[in-house]
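Working notes, beginning with the structure itself.
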Amino acid sequence: MKPETAGKTGIAGTLPTVVALLVGFGLMQMGNTLQGTLLTVRGGIEGFSATEIGLIGSGFSAGLVLGSLRAGALIRAVGHTRTFAALASLASAAALLHLMIVDPIAWVVFRTMTGFCFAGLFMAVESWLNGAATPAIRGQILGLYSMTGLISGVAGQLLLPVANPAGFMLFCIASVIISLALVPVTVSRATAPNLGEEQAGLDLRKLYRQSPFGLVAAFLCGITTGAFFALGPYYAQRLDFSETGIAVFMACATLGAFATTWPFGWISDRMDRRIVVIAIALGSALILGATVLAVPERLPPLLTYVLAFAFGGLILPTYNVVVAHVNDAVTPQEFVAASGGLLIVQGTGMATGPVLGGFAMSYLGNDGLAWLIVAAQGLIALWGFYRMTRRAAPEVKEHFPAMPVSPVGTQLIEATQRAS
């Protein structure tokens, strides 16, 4: 079905076209989340230090940022299908390279390569989705895309107990899942859009002048998210959780984010978004800090899962509210540049968070990860309080955008913002 036909039939008519893309994206996310958790757990089994595991986690985020900057040129040069096929094959091979060279430095390189590949893969899928959707239904397609990413992430986490992480089978499963993502995407009938000429360079200084709170908060959100996803499995492993327990722990955090993303967005559409971000950050910092100080380290597993759900629900969706706040502060013509700048800043934070978290866990034990997150959330709240004394809130220009957690330069989100 062509895009113009989709506009006549609505989302029901477009869904058969985009479902293949969503299935391919879901498989990519499933393989990616399985691999990320697996590498953290396997690193612990191999005796890697918390700092080394943090560096491995930061490699993926660094690759995402590099890919977000460069993959667009690759798509323009060789096309969407060839780019997707090449990067998916490389990402699938990278999953197996971790088995061939079990060394933390090599794993950092492999994870950086994987992050670069996934940035290009996400950009290709998202631009295809954009080509299949009309402005009238683009928001609905974006919602399906975001939900697919979150649910697939949960499924990937829950694959960890399928085999022994000390063996080779889970690495093979991750590689196979990523390879299978090639099938629905490369045979999709969705029309990929013309990316056109290279966009003008990003101006982070201008973006900071337009929204000082948003830029700093995006970086700190990245630190929190990156540290948790890179070191959360290691944290659970050091609590003597089984593979099943680690998988459920990480899945609960993702489900928490899924449950609260829309409620937080709904609230932020009706008041100063900075207040929403400050309230979430301050509340999460106080609750997490009090939990570390007052609650014994080894809680019953069920209570730990509940806390993980609450953590994901409080902290992980905050970046989306930050994006909406920044979009309120810029002109509609600057939405694309602002989105790209925020993605780079958040991605830099996600690359920094695992390194800081690894150092913190090396010197403070398991509580080091929690204290890093408390510090990052506390800084968001303090910076927000300060900025509210310096500048009034911008007028709300658009409704809250539901977006994936991972920082990737997206064509679909940009097109949605242009259509708003």
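If I take R0 = 41 Å and measure r between the Cβ atoms of V19 and A77 in this structure, what FRET efficiency does the formula 1/(1 + (r/R0)^6) give, to the nearest 0.05? After rounding, the FRET efficiency stands at 0.90.
Quick check: at a probe of 1.4 Å, how many percent of the accessible area of segment 282-372 sits on carbon and sulfur atoms?
Carbon and sulfur: 77 percent of the exposed surface of segment 282-372.
Taking θ as phi - 60° and the Karplus parameters 6.51, -1.76 and 1.60, the scalar couplings of segment 258-267 work out to 4, 6, 10, 4, 5, x, 5, x, 4, 5 Hz in sequence order, x denoting glycine and proline. Each residue, R390 and I151, gets one label point 7 Å from its Cα in the Cβ direction; the gap between the two is 4.3 nm.
Potential lengthening of the chain between E46 and L99 amounts to 17.9 nm, from the contour at 0.36 nm per residue minus the alpha-carbon distance.
Classify segment 64-121 as rounded, prolate or oblate from the Cα gyration tensor: take a ≥ b ≥ c as the square roots of its eigenvalues, call it rounded if a/c is under 1.5, otherwise prolate when a/b beats b/c and oblate if not. Oblate. If the segment from V292 to V162 were pulled out straight at 0.36 nm per residue, it would be longer than the present Cα-Cα gap by 43.6 nm.
The values are calculated or read from the model by the stated rules, or taken from the named source; none is laboratory data. Just so it is clear, the model here is predicted, and its values are computed rather than measured. Every residue, glycine among them, receives a Cβ derived from its backbone with ideal geometry; neighbour counts consider all protein chains shown. For accessibility, only protein heavy atoms count, side chains too; no ligands or nucleic acids. Shrake-Rupley method; radii C 1.70, N 1.55, O 1.52, S 1.80 Å.
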